[in-house]
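What follows draws every value from the coordinates through simple rules; no lab data is involved. Here the structure is a predicted model, which is why all the values come from computation and not from measurement.
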């Protein structure tokens, strides 16, 4: 395979083909066309102006509609979450026998977890999660 690259003829051909300055073009390939260049420049400037207008429109939509909508949603959710936080504080203080009934499909463990005591999940929270053994 490498014998192909070792011959002088191959080196000469590759050297000629890979050397961009070795080939001289007989005529100009890229002829200057000022009118076409001006059309292209005007088209690019039109696209830039259009995209600036579109970006300004979306910025106004974001500032005048989206941000107030997010603020209203945050305000509405705050009251609900405040009640949930109070409920969670109440549940932390409850003893195990006063917790809601544990159903057989909850906290099913086929195998023990390999961390901790094997019963608690990776994101176990003592205040929220309980595994009451009957």
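So here's what we get for this one:
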| read-out | value |
| --- | --- |
| Approximate shape of the range 29-75 as ellipsoid semi-axes (Cα gyration tensor, √5λ), whole Å, largest first | 44, 8, 4 |
| For the range 42-106, average projected area of the Cα convex hull in nm² | 8.9 nm² |
| Convex hull per residue volume in Å³, alpha carbons only, for the range 20-134 | 321 Å³ |
| Three-way shape call for the range 77-122 based on the alpha-carbon gyration tensor, with the a/c threshold at 1.5 | prolate |
| Computed lengthening from residue 62 to residue 130, 0.36 nm per intervening residue step minus Cα-Cα distance | 20.1 nm |
| Extended-chain gain in nm, criterion 0.36 nm per residue less alpha-carbon gap, residue 29 and residue 85 | 12.7 nm |
